[in-house]
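What follows is a set of notes on a single structure, which appears directly below.
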Amino acid sequence: MKFFISGQIDDANNIRKMMDRVEKAGHEVTHDWTNVDVFLGGTQDKLNNPEESGLRAAKDIQGVVDSDIYVLSSDNESVGKGMYVELGAALALQNALGKPKVYVVGQLNHLSVFYLHPAVTRVGSIEDVLEEIG
């Protein structure tokens, strides 16, 4: 199965661990944003590098499009922005095409109404996702 794992940029280390676990289980990660996106800092850095920022955004959305399983980590303490765009893309694809399967993983330290969307499965850990998909 192909996975896209989304989360808050300050939680990139945790996301990377989830990606490692998915790959260790024999699955593929469609786009590893944790190795590149953390190097574009705040708003001004993104505005000063519009081509790079746009390319990263396109790769993130393509990662969602290419996935069979979309996972959003909700363990982080601060609320992200891009992760909600990715969640919206995953839900729109799920509605239109029947995939990807959408999971919200973690403690729900922050809440979006979209975590409660009927297409979202909420679980405690990436292990729960791996167990559910077999």
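The values are calculated or read from the model by the stated rules, or taken from the named source; none is laboratory data. The shown structure was predicted, so the numbers you read here are calculated from the model rather than taken from an experiment. Glycine also receives a Cβ, built like all others from the backbone with ideal geometry; neighbour counts cover every protein chain displayed.
Flag: residue 83 matches the condition of being assigned to a helix (DSSP H, G or I), modelled with pLDDT under 95 and within 11 Å of the chain's Cα centre (by Cα). Only residues that are surrounded by 15 or more Cβ atoms within 10 Å (Cβ to Cβ) and either out of contact with any strand residue (DSSP E or B) (no Cβ under 9 Å at 6 or more places or on another chain) or modelled with pLDDT under 90 (or both) were counted in region 53-66, giving 5. Here residue 5 passes the criteria (1) loosely packed, with under 14 Cβ neighbours inside 10 Å; (2) among the β-branched types (Val, Ile, Thr); (3) at pLDDT 95 or above except the one numbered (1). How about region 99-127: which of its residues are in contact (Cβ under 8 Å) with a residue 24 or more places away in the chain and not in a loop (DSSP other than H, G, I, E, B)? 101, 102, 103, 104, 105, 114, 115, 120, 126, 127, listed by residue number.
Being aliphatic (A, V, I, L, M) and assigned to a loop (DSSP other than H, G, I, E, B) is the filter; apply it to region 15-36 and report the residue that is modelled with the lowest pLDDT.
Taking the candidates together, the pick is 36.
State yes or no: is residue 96 without any contact (Cβ under 8 Å) to a residue 40 or more places away in the chain, outside any loop (DSSP other than H, G, I, E, B) and over 19 Å from residue 19 (Cβ atoms)? When the stated conditions are applied, residue 96 passes them.
When 114, 39 are checked against the criterion of being modelled with pLDDT under 95 and crowded, with 16+ Cβ neighbours inside 10 Å, 114 stands alone in meeting it. Name the residues in region 67-80 that are modelled with pLDDT of 90 or more and crowded, with 17+ Cβ neighbours inside 10 Å, would you? Answer for region 67-80, where residues must be modelled with pLDDT of 90 or more and crowded, with 17+ Cβ neighbours inside 10 Å: 67, 69, 70, 71, 72, 73, 74.
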